[in-house]
Amino acid sequence: MSTPADSGSPIPSGLKVCTSFPELLMIAEFVFGGLVWILVASSRVPFAGNQGWLMFVSVFCFVVTTLLLILYLAGAQKRSSAMTVVDVFYHFFAAVFYLSVAILETSDTRFILIRLITFEKKIHNLNIAATVFAYLATLMYTIHAIMSIVRWKSSS
């Protein structure tokens, strides 16, 4: 007879989170998302609305990824079978959000390239770095979403 603590969740708990494949990507998501947050906050974006969206996505995903990592380390997924579904949907939407961030940051960087004379080279380099890290974060979230879908389908 199974106990409530042993719900058979395919998501590992404790320190196994730091050694299993899809959850290991959360550390890279955390790092790349934090870098996007820092770089966007310290750079000039030509359109203020874009910067608001870029900051919202990077801060939201950074906070939620951190909370999920803490919950997985604490073993919250063993008490609820819904955590597998939450993992799938969160990483899918985070991948879509970060793709929009990467595209917006690319368009802002192209705009700055056109008007490079009026912008400082340091700001231009920050925008390029933010673009690269946004695409890397998108890749990490996409891979994690795909692996979470595979895990979810194989466990049901």
Report task. Among the residues of the range 83-122, count how many are open to solvent by 20 Å² or more (accessible area, probe 1.4 Å) and either at pLDDT 65 or above or assigned to a helix (DSSP H, G or I) (or both). Result -> 21
Requested in this report: Using the structure shown, decide if Thr142 is modelled with pLDDT under 90, under 23 Å from Ile27 (Cα atoms) and of a type in the set (Ser, Thr, Tyr).
Outcome: no
Query raised in the report: open to solvent by less than 20 Å² (accessible area, probe 1.4 Å), touching a helix residue (DSSP H, G or I) at 6+ places or on another chain (Cβ under 8 Å), assigned to a helix (DSSP H, G or I) and at pLDDT 85 or above, is that true of Ala130?
Result: no
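The values are calculated or read from the model by the stated rules, or taken from the named source; none is laboratory data. The shown structure was predicted, so the numbers you read here are calculated from the model rather than taken from an experiment. FYI the Cβ positions are ideal-geometry reconstructions off the backbone, even for glycines, and counts take in every protein chain you see. Keep in mind that these areas ignore ligands, DNA and RNA; they rest on the heavy atoms of the full protein, side chains included. Shrake-Rupley method; radii C 1.70, N 1.55, O 1.52, S 1.80 Å.
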